[in-house]
1. If you go through the stretch 121-149 one residue at a time, how many are over 18 Å from Pro72 (Cβ atoms) and among the acidic types (Asp, Glu)?
2. Just to be sure before I move on: is Met38 within 30 Å of Asp12 (Cβ to Cβ), open to solvent by less than 20 Å² (accessible area, probe 1.4 Å) and in a helix (DSSP H, G or I) in the structure I sent?
3. What residue, of Thr40, Thr55, is β-branched (Val, Ile, Thr) and free of Cβ contacts under 8 Å to residues at least 60 places away in the same chain?
4. Return the pair list, or none, for Cβ contacts closer than 8 Å from residues in the stretch 115-140 that are under 18 Å from Gly153 (Cα atoms) and touching a residue at least 24 places away in the same chain (Cβ under 8 Å) to residues that are of a type in the set (Lys, Arg) and in a loop (DSSP other than H, G, I, E, B), at least 6 apart or on different chains.
5. Name the one entry in Val122, Val133, Val101, Val138 that is of a type outside the set (D, E, K, R) and closer than 18 Å to Ser43 by Cβ.
6. Looking at (1) in contact with a strand residue (DSSP E or B) (Cβ under 7 Å, 6 or more places away or on another chain); (2) within 18 Å of Ala128 (Cα to Cα), which is the one condition that is false for Phe84?
7. One residue is enough: does the stretch 118-127 have a residue meeting the conditions closer than 30 Å to Ala18 by Cβ, at pLDDT 95 or above and of a type in the set (S, T, N, Q)?
Amino acid sequence: MSYVARDDRPADKTERYAEVEAEILAVLDGEPNLTARMATVASMLADAFDHYFWTGFYVVAPDKTDELVVGPYQGTLGCLRIAFGRGVCGTAAATRQTQLVEDVHAFPGHIACDSRSASEIVVPVLDASGELVAVFDVDATTPAAFDAADQAGLESLLAKVFAAG
């Protein structure tokens, strides 16, 4: 699936990520609250890209450090808890590496929170000390909706929002 710009947005996906990153950083300037930062990122990214179906965070559970619990998101009902190493989100949490999945149905152990999801990208979210605080999950209803431009744009944005200290 190719990125489709709305009339008031750049046609190049990389350029759009840079534009949205600047907008998000401006909105969050001076905001220290983690939940507010996550909610803003999820909301603004969901609005910025038509290929985003489900957009949000799974946060490292305060009561179980090897489990994720749903955080701020935009979209249909999300899974409430995901163990590290399970599904795409749990794999991203366990490996601390971005997971770019063209076909979620072919991913070993995929968790179907919404059966309409066909492809997914999950980016680990690290704080200023390098500790995993969450993963950022985006699903699409079409296969192979995400590419290197999505990965680079999301990794850049999330590092600036959450690891900037």
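The values are calculated or read from the model by the stated rules, or taken from the named source; none is laboratory data. Given the structure is predicted, the values throughout are model-derived calculations rather than measurements. Positions of Cβ are backbone-derived with ideal geometry, glycine not excepted, and every protein chain shown enters the neighbour counts. Each accessible area value is taken on the protein alone, full model and side chains, heavy atoms only, with ligands, DNA and RNA left out. Shrake-Rupley method; radii C 1.70, N 1.55, O 1.52, S 1.80 Å.
1. Here the count works out to 2.
2. yes
3. Thr40
4. Every condition considered, the pairs that remain are Pro124/Arg96; Leu126/Arg96.
5. Details: Val122 fails: closer than 18 Å to Ser43 by Cβ; Val133 fails: closer than 18 Å to Ser43 by Cβ; Val101 fails: closer than 18 Å to Ser43 by Cβ.
Of the residues listed, the single one that is of a type outside the set (D, E, K, R) and closer than 18 Å to Ser43 by Cβ is Val138.
6. Exception for Phe84: condition (2).
7. No, the conditions are met nowhere in the stretch 118-127.
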